Structure formats: structure tokens, C-alpha cells
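See below for the structure under consideration.
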Amino acid sequence: MGNPNVGKSVVFSRLTGANVISSNYPGTTVDFSKGKMRYDGTKSTIIDAPGTYSLEPSNRAEQVAVNILKEADIIINVVDATNLERNLYLTLQLLEQNIPIVIALNIWDETQHLGIHIDIEKLKSLLKIPIIPIVALTGEGIHTLVSQLQNASSPPHIKPTSDEGRWIEIGTLIKQVERVEHRHHTLRNRISDLTIKPGTGLPIALAIIFFTFWIVRLIGENLITYVLDPIFELLYKPLITQFGNTLGSGFLYNFLISQSPGEINFLESLGLLTTGLYVPLTLVLPYIIAFYFMLSVLEDTGYLPRLATLMDNIFHKLGMHGYGVVPVFLGLGCNVPGMLATRSLETRKQRFIAATLLSIAVPCMAQTSLIFAMFSKLKTSLQYPPFFYITIVFTTLIMIYFIVGYLLNKLVKGECPEIFLEMPNYRVPHFKTTLKKTWMRIRWFLKDALPWMFLGVFLINVLYTLGIIEYVASLFQPLMTGIFGLPGETSVVLLSGFLRKDLAVGTLLSFPIGTFSEMQLVIIATLLTIYFPCVATFAVMIKELGIKDMIKAAVIMLTVALFVAISLRLILIGN
Amino acid sequence: MKSKTIPLTELPVNTPATIKNINGGLGFKQRLQVMGIHKGQTIKTICKQPLKGPITINACGCQMTIGRGMAQKIEVETTR
């Protein structure tokens with residue numbers, strides 16, 4: 001247990017060896033995770049709780065933390081040593097619970113160059129519980145922490161008191177144990193000020209966002225062109241072609257290699273071992289790597305809360321507050337963690353708007369990378385450069401985010417409280433931790449995406465072989481053409497989008513060139529984001545919103561999809 | 001030496017002040033309190049976002065961003 005952003009999850013990983021995501025902003029952990037620890041032959045279960053400032057929860061993540069407390073036999077209270085005074089409030093509340101407790105005084109290394117001196121022995125004797133200074137990031141002090149767990153105690157001299165009472169107690173404690181040297185503005189403070197003052201902060205924010213996505217594209221594209229594409233084309237293709245030859249033509253060849261004879265085209269062949277591997281590994285993975293690396297850097301420096309502060313005004317117009325920018329950022333990677341991040345918003349109205357907008361207007365990296373791939377593949381047959389079409393898709397989505405958000409703010413009942421967010425100190429990202437986090441997220445993608453992609457390609461193969469795809473296409477032909485001016489095949493694309501959005505774009509690409517006009521592709525790419533979340537996101541969304549609100553959200557999605565598709569048809573195609 | 005209380009919103013940037021009173025409901029007070037914003041605490045504003053945007057403050061050794069409406073309810077007295 002502990003305040004938000006004190007490093008509970010890092011301590012947890014250290015104790016259990018389990019991998020959990022940790023960052024430098026409050027609200028990274030919104031649910032608990034359990035892990036096993038073995039020490040001296042005894043096994044114990046460690047629970048990592050979301051951060052909370054007190055035992056009176058103000059949002060759902062804090063509620064989770066308070067509920068977990070009831071299960072605990074021993075509390076490890078992680079305290080930010082650079083912020084002792086504020087952290088002690090929760091400590092006192094925890095001490096009142098009569099559960100044995102140990103304090104892990106984290107971020108101990110920073111106290112020195114911040115000029116903070118804490119008399120641990122004194123604090124120990126005053127609180128009568130073990131207090132261990134640690135540096136969770138490097139693992140310093142963790143061993144002592146573990147060995148001290150058996151000495152955890154709940155001192156009887158701390159009696160429940162009022163809120164004011166606690167602060168008076170803390171005041172006396174702090175006077176006895178802490179001495180703070182006055183330090184001049186450090187470089188970090190100066191950077192912090194620059195990034196938060198509107199005059200300099202807004203241009204810096206724009207530059208950082210632009211730079212982030214520029215780097216993502218740069219890394220992603222180069223990985224594809226110079227690493228993964230050559231591997232597939234030069235090494236894998238001869239192998240799989242040979243394998244195909246030994247299979248001969250027929251049912252197995254169609255499923256595993258290609259639906260059409262001749263040279264293998266990884267994008268269109270729809271074979272499990274060709275398209276099924278090529279799309280997730282070559283087209284999506286490089287962007288996933290690039291995006292999560294940049295996201296991890298942004299998270300670990302502590303920039304996101306500053307961005308939230310700058311964006312607060314805009315997000316208020318959308319019925320949220322500045323923190324609403326965090327689900328969007330996470331959602332650009334994958335909508336599932338984005339959905340979970342909405343828990344840090346306080347009211348039902350805010351969470352509903354944040355979740356609905358996320359599912360409507362924020363494409364995940366898997367989908368984004370395939371939209372890039374689609375337009376660059378068609379480069380030669382396009383009238384304008386690919387960038388032109390991609391810009392239309394994303395500008396439309398951004399506009400939808402703001403317009404729908406504005407309308408929802410007016411329509412949804414409920415309160416939108418003001419922002420109340422802690423600014424963590426800037427930190428230089430710990431390189432190994434950042435890489436490890438990127439790797440964890442990539443592995444999560446591989447474990448999650450590959451099976452779904454396989455299943456999807458498999459299903460489409462079955463449907464194709466049985467002729468169901470053509471049947472569905474012709475069945476929906478009147479509807480699709482009548483309302484949206486799109487070919488019947490679109491229905492197949494949209495249906496596969498329920499499974500995974502990248503699969504849907506993959507399906508789109510498997511139709512012969514010329515099935516769709518370029519503007520129709522733009523409309524379909526946009527529509528794919530809006531109309532409905534993929535099954536994984538859908539499941540989390542039901543859990544977060546409840547069935548009733550989910551139905552409302554679904555109605556909004558379909559309405560927006562219908563409206564946008566018709567508008568785009570009128571604007572882009574003109575009939 | 002003059003002493004008068006003003007809402008936090010009117011406190012000039014980078015001027016230390018002491019919190020004299022917090023108006024508002026119990027829940028609101030409690031939320032501020034657990035983050036270290038309570039009577040007697042020294043506080044200063046770091047910057048104010050334009051157009052009635054949020055205010056970033058420093059209290060209890062750490063920076064926080066709070067809404068303008070919240071800041072309006074915090075009465076402070078400048079120490080000098």
C-alpha cells in the first residue's frame with residue numbers, strides 16, 4: 001500500500017520477480033496483482049495495490065486498494081522519502097487499522113541531492129515499526145526489507161483520530177525527524193516550469209507529440225524496410241515456397257500457404273503460414289515496438305501529468321478533465337489498457353465519456369500500422385501520396401473525438417469534477433526498466449495478437465472455402481451500397497473487425513486491387529475505428545461500464561459510424 | 001505588517017502563503033487534506049493556466065495541479 005506514484009509496483013516486481021508495468025505518473029496501477037514470494041522456506045503472497053492518498057477512496061482504483069486492505073496480514077507501506085510529510089498521512093491511517101506494518105522508505109537515493117535529511121532511527125522509535133530505506137529501481141535495501149517483514153508490528157499507541165488530528169501528529173513527527181536544506185532551482189525544476197507554463201508549455205507539448213510520432217514512424221518504417229521485410233522476402237519466402245511445393249495443390253495448400261496459385265504474396269495470399277504470420281510480425285510488430293518504446297520514455301520521465309495540466313481546459317469541454325489524455329495515449333497502443341486507465345477518472349460521467357470516445361475515435365497501433373501499410377502498398381495506383389489519405393483518416397478521427405465529446409458532455413448527466421493531480425518530479429528514465437517495460441508490452445502483444453490473428457485468418461479461410469464470404473458480401477450489397485456507397489465486400493471487412501482491427505485491414509487488402517476505390521478505402525479505414533471495438537476491448541468495456549452503459553455506448557458508436565460514413569461519402573465521393 | 005486573506009486564485013505566482021481556511025463540503029475538504037492541503041500549511045502557486053484553467057501549486061513538498069474552482073475555495077494569507 002502507499003500513495004500514488006511512490007513505486008509500489010517496482011517494489012512488488014522486486015519482491016516477487018513478477019513483471020508489472022510501472023511508470024512515473026500517478027495511476028499506473030489501477031487493479032491489484034498477486035505474486036508469490038519465497039523466503040527462508042516460507043511462501044507468501046504479495047499483493048500490489050493501486051495507490052491511494054487515504055482510506056476514503058475518491059475513484060475506482062482507490063476503492064480497489066481499500067478493499068484489498070481487508071485481505072492483508074502484513075502491510076508493506078511504500079513511502080516516498082522525498083515526500084515524507086504527505087505520505088505519512090496514509091501511514092497513520094494504516095497504523096490505525098491494527099494490521100502489522102513495515103515501512104519501505106523508497107526513492108532514498110534522491111533525498112541526498114534534494115537536500116532532505118531524514119532521521120530514520122528517530123522515526124522508528126516514534127512509530128515503533130520497522131522502517132527500511134530502499135531504492136526499488138536498483139534493488140537496494142530490498143533484501144533487508146524482506147528480512148524485516150517478520151518484525152512487522154502494529155503499535156498500540158496510535159489511536160484513531162480526526163483528519164486535523166493526524167496532520168498535527170505529522171507536524172510534530174516531521175519536526176523531529178526531517179530537515180530540509182534550502183536548494184536553489186535545479187535544472188529539473190526549470191524544465192518542469194517551462195513545460196507547464198502555457199506560453200512555453202503548449203509549443204513544447206506540440207513538439208513532443210509530433211516528435212514522438214515522427215520517431216515512431218521512423219523506427220517502425222525502417223524496421224519493416226530494412227529488417228523484417230527482407231527476412232520474410234529473402235529467407236522465409238524460399239522456404240515456404242518449397243514447403244508449398246511439397247504440399248502440392250489442394251486443401252492444405254490453400255489453408256496454409258495461399259488461396260491462389262503462383263508466387264506467394266504475403267499480404268494477399270491469406271494463408272496461415274504466410275499472411276497469418278506476415279501481418280502481425282512484419283507490419284504490426286515494428287510499430288508496436290516503436291510506439292511502446294516512446295510511450296515508456298514519456299511515462300517514465302513524468303511528462304504525462306504536465307500534458308494533462310496543459311490539456312485540462314480542452315478536456316473540460318469534453319466532459320472530462322486533463323487526466324483524460326492518459327487513456328488516449330495508452331489507447332493509441334492498444335485500447336484495452338486505455339479502457340483500464342479510465343478508472344482513474346472520478347465520476348461515472350467522465351468514465352463513460354472517456355471510454356466511449358476511446359472506442360470510437362482512438363485507433364490502436366495494430367490498426368494504425370496496417371492503415372499505413374495499406375496506403376503505402378497501393379502507392380503506385382493512388383492519385384496522391386499515401387500521406388494524403390492517412391491524414392484524412394486521422395483528421396476525421398480527431399474531429400470526431402472533439403465533436404462527439406462535446407455533444408456527450410452536453411447530453412450525459414452527471415458531474416465533471418475539476419482536475420486534482422500530483423506532478424511527479426522529472427526523472428531520467430532508468431534505461432533498463434524502460435526497455436524491460438517495452439519488452440513486457442511487446443510480449444503481451446505477441447501472446448495476445450498471434451493466436452487471434454491465426455484464428456481470424458483460419459476462420460476467413462474456412463468461410464472463403466465454403467463460399468460464405470461471397471454470400472455475405474452479396475447479402476449486404478444493397479445495404480452497403482445503398483447507404484454508404486461501398487461494395488458489399490465491406491461487410492466482410494467490418495465483420496472481421498470484431499475479432500481484431502488489424503485482421504480487418506488485412507482482409508481488406510486480400511481483395512483484388514480495384515475492388516475498392518481509394519476514397520472508399522479511406523472511408524472504410526475510418527469506419528473500422530468508429531463502428532465497434534474489437535472483442536478484447538469490448539470485454540473490458542463491459543466490465544468497466546456495466547451492461548446498461550455499454551448498450552448506450554454501442555448505440556452511440558453505431559450512430560456516429562452511420563453519420564460519419566454518410567458524411568464522408570458525400571464529401572469524398574460526392575454521390 | 002498587514003494580513004488579509006485572499007483566495008488562492010488571487011495569490012501571485014511564486015509567493016509563499018499560509019492556508020487560513022478551506023471552504024466547501026466535508027468530502028471536498030477531506031480530499032484536499034489527504035493530499036496535504038490543510039489549514040496552516042504553507043503553499044505557493046507555480047503557474048496558472050489561462051482561460052480559468054487549473055492552477056499548479058506547491059504544498060507539502062510536492063507539486064499538484066488543482067482546478068480553478070477548488071483554488072477559489074482555498075483562502076490564504078501571504079506570509080510577508
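For this structure, a couple of remarks:
- Working from Cα pairs under 8 Å separated by at least six residues, relative contact order for chain A is 12 percent.
- HN-Hα J in Hz across the stretch A:300-313 - Karplus 6.51, -1.76, 1.60, θ = phi - 60°, x for Gly and Pro: 6, 6, x, 6, 4, x, 5, 4, 4, 5, 5, 8, 3, 4
- Relative contact order %, chain B, counting alpha carbon pairs below 8 Å whose residues are six or more apart: 43 percent
- Only Lys, Arg, Asp and Glu carry charge here, each on its Cβ (+1 for the first two, -1 for the last two); on that basis chain A has a dipole of about 200 debye about its Cα centre.
- Within chain A, longest stretch free of exposed GluC sites (Glu not before Pro) [DSSP loop, at most 13 other beta carbons within 10 Å]: A:416-575
- Using θ = phi - 60° and Karplus 6.51 cos²θ - 1.76 cosθ + 1.60, couplings along the stretch A:201-209 (whole Hz; Gly, Pro as x): x, 5, x, 5, 4, 4, 4, 5, 5
- Radius of gyration over Kirkwood radius for the stretch A:353-399, both on Cα atoms: the Rg/Rh ratio is 1.06.
- Remark: for residue pairs A:175/B:48; B:4/B:39; A:8/A:128; A:70/B:39, the C-alpha separation exceeds 24 Å in A:175/B:48; A:70/B:39.
- Close amide H partners of residue B:47, meaning residues 5 or more places away or on another chain with modelled amide H under 5 Å apart, are B:56.
- Given charges at Cβ of Lys, Arg, Asp, Glu: the protein assembly as shown dipole, positive-most of A:522, B:5, B:22: B:5
- Selection from A:157, A:389, A:462 lying farthest towards where the dipole of chain A points positive, charges on Cβ: A:157
- Applying both filters, DSSP loop and at most 12 other Cβ atoms within 10 Å, to the trypsin sites (Lys or Arg not before Pro) of the stretch A:70-165 gives A:70.
- Total formal charge among the other residues, if their Cβ is under 15 angstrom from that of residue A:507, Lys/Arg +1 and Asp/Glu -1: -1
- For chain A, the mean residue ellipticity at 222 nm estimated from helices alone is -18500 deg cm²/dmol, where every DSSP H run of n ≥ 4 contributes -39500 (n - 2.57) and the total is divided by all residues, rounded to the nearest 500.
- Net charge dipole size for the stretch B:5-78 [Lys, Arg +1 and Asp, Glu -1 on Cβ; Debye, nearest 20]: 180 debye
- Sparse-neighbourhood loop sites, trypsin sites (Lys or Arg not before Pro) in the stretch A:170-228 - DSSP loop, at most 16 other Cβ within 10 angstrom: A:183
- Estimated vicinal HN-Hα couplings, Hz - the stretch A:251-264 in sequence order (Karplus 6.51, -1.76, 1.60; Gly, Pro = x): 4, 5, 4, 4, 6, 7, 10, 7, 7, 10, x, x, 5, 6
- Peptides A:242-254, A:456-468, A:48-60 ranked from most to least packed, by the mean per-residue count of other Cβ atoms within 10 Å: A:48-60, A:456-468, A:242-254.
- Helical content alone sets the calculated 222 nm signal of chain B at -4500 deg cm²/dmol, taking -39,500 (n - 2.57) per DSSP H segment of four or more residues and averaging over every residue.
- DSSP-loop chymotrypsin sites (Phe, Trp or Tyr not before Pro) across the stretch A:481-553, with at most 16 other Cβ within 10 angstrom: A:498
- With a 10 Å cut-off around each Cβ of A:414-424, the average count of Cβ atoms from other chains is 5.
- Neighbouring Cβ atoms from other chains, within 10 Å of the Cβ of residues in A:321-330, number 1 on average.
The numbers here are math on the coordinates, done by the rules we state, and not lab data. Owing to the predicted nature of the structure, the values given are computational and were not obtained by experimental measurement. Heads up, the Cβs are rebuilt from the backbone with ideal geometry, glycines too, and the neighbour counts pull from every protein chain shown.
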